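The values are calculated or read from the model by the stated rules, or taken from the named source; none is laboratory data. These numbers were taken from a predicted model, which means no experiment stands behind them. Note that we place each Cβ from the backbone using ideal geometry, even for glycine, and neighbour counts take in every protein chain shown. We work out accessible area using only protein heavy atoms, side chains counted, and drop any ligands, DNA or RNA first. Shrake-Rupley method; radii C 1.70, N 1.55, O 1.52, S 1.80 Å.
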Amino acid sequence: MTVTPHTNNHQVVLITGASSGIGYAAALAFAKSGANVIATARRVDRLASLETAVQRLPSPHGAIYAVALDVRDPNDMQLALQKGLERFGHIDVLVANAGVGQRGAVVDSDWDDLQILLRTNIDGVLHSIRAVVPVMRKQGNGGHIIIVSSVAANMTAPYTACYSASKAFVSSIARSLRLELEADHITVTDMLVGRTATEFNEKRLGASGYAARAPKLPVMPAEKVGEAMVKAVNKRQKTVILRFFDRLIIWANALVPNIIGRRALKQYRV
Ligand SMILES: NC(=O)c1ccc[n+]([C@@H]2O[C@H](COP(=O)([O-])OP(=O)(O)OC[C@H]3O[C@@H](n4cnc5c(N)ncnc54)[C@H](OP(=O)(O)O)[C@@H]3O)[C@@H](O)[C@H]2O)c1
């Protein structure tokens with residue numbers, strides 16, 4: 001990866017988990033909108049493909065800078081941000097997107113899987129926020145943080161309970177952080193994403209067999225989520241739910257959580 005200083009007044013967006021799925025689509029959408037993107041993940045070969053895809057966008061488009069990063073490591077996070085700042089000079093938007101799925105009973109799941117889930121979906125989001133906000137504050141121009149949560153946050157979700165709880169955690173953080181950062185003019189978006197066509201399901205940790213009777217839910221393309229992120233920043237949206245179907249899921253969980261939970265219990269039981 002060549003590093004040439006590229007500082008200008010373009011919006012600069014740091015995205016975690018940009019090597020595939022929603023993060024990859026978000027990187028393309030922000031670059032298309034003219035933003036400069038710091039694209040981070042562990043798989044550098046995938047990030048290189050993303051760099052090529054951005055360079056092939058019709059001009060004008062923003063620049064891309066790929067940086068290897070494991071979100072579970074706070075030092076890695078600081079280093080990636082530092083490299084991004086050296087390249088682009090400032091930071092305006094964080095998309096805290098990197099995440100993994102996990103399926104399995106709370107008690108019987110492999111502890112190593114649960115550690116990866118919690119360290120990635122919870123620690124990873126906190127590390128990115130705690131790295132970026134002090135820089136945004138110092139810059140004094142406000143900023144925007146998009147936290148990628150799920151319609152599964154707050155769901156009664158037997159056999160995907162730890163994943164759902166990890167998303168409930170980040171949604172809760174989003175709501176409180178929004179008030180903590182109000183005085184700094186930093187907007188926080190809680191992005192409640194529904195089923196999206198990505199590698200997410202096939203890479204899910206834990207008992208894949210539990211999905212055998214899972215319902216076929218409507219799936220949206222990752223590009224739709226990426227474009228919604230650009231809109232969320234432009235319109236300073238606080239909560240984003242992309243589809244009516246996703247809204248229905250959230251309402252049903254709020255109104256009749258036990259009915260939803262019992263359905264999931266039947267579908268996911270081994
Ligand atoms: N797909 C869905 O239906 C859906 C629904 C609701 C919410 N979401 C959320 O959307 C987000 C993105 O998921 P996706 O669907 O796009 O799945 P994906 O294609 O599997 O993407 C996950 C991304 O996270 C990165 N990642 C995982 N562990 C990491 C680590 N330790 N350090 C750095 N990066 C890491 C992966 O990159 P590397 O492996 O290269 O590091 C990859 O770029 C997740 O937070 C997920 O919970 C997805």
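At-a-glance table
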{"item": "Pairs, first assigned to a loop (DSSP other than H, G, I, E, B) in the range 186-197, second near the ligand (Cβ under 7 Å from one of its atoms) and hydroxyl-bearing (Ser, Thr, Tyr), C-beta under 9 Å, six or more apart", "result": "Gly194/Ser150"}
{"item": "Neighbours by Cβ (under 8 Å, 6+ apart or cross-chain): first from the range 251-270, at pLDDT 90 or above; second exposed (fewer than 13 other Cβ atoms within 10 Å of the Cβ) and assigned to a helix (DSSP H, G or I)", "result": "Ala252/Ile259"}
{"item": "Positions within the range 148-171 being of a type in the set (Phe, Trp, Tyr) and either surrounded by fewer than 22 Cβ atoms within 10 Å (Cβ to Cβ) or at positive phi (or both), in sequence order", "result": "Tyr159, Phe169"}
{"item": "Condition check for Asn36: open to solvent by 60 Å² or more (accessible area, probe 1.4 Å) and of a type in the set (S, T, N, Q)", "result": "no"}
{"item": "Residues being surrounded by fewer than 18 Cβ atoms within 10 Å (Cβ to Cβ) and not hydrophobic (A, V, I, L, M, F, W, C) - total across the range 172-208", "result": "12"}
{"item": "Any hit, the range 44-60, residues being part of a loop (DSSP other than H, G, I, E, B), of a type in the set (A, V, I, L, M), more than 30 Å from Pro158 (Cα to Cα) and open to solvent by 10 Å² or more (accessible area, probe 1.4 Å)", "result": "yes"}
{"item": "Meets criteria (at negative phi, under 19 Å from the mean Cα position of the chain (by Cα) and surrounded by fewer than 24 Cβ atoms within 10 Å (Cβ to Cβ)) for Asp76", "result": "yes"}
{"item": "Complete set of residues in the range 100-147 that are closer than 19 Å to Thr239 by Cα and open to solvent by 40 Å² or more (accessible area, probe 1.4 Å)", "result": "Leu126"}
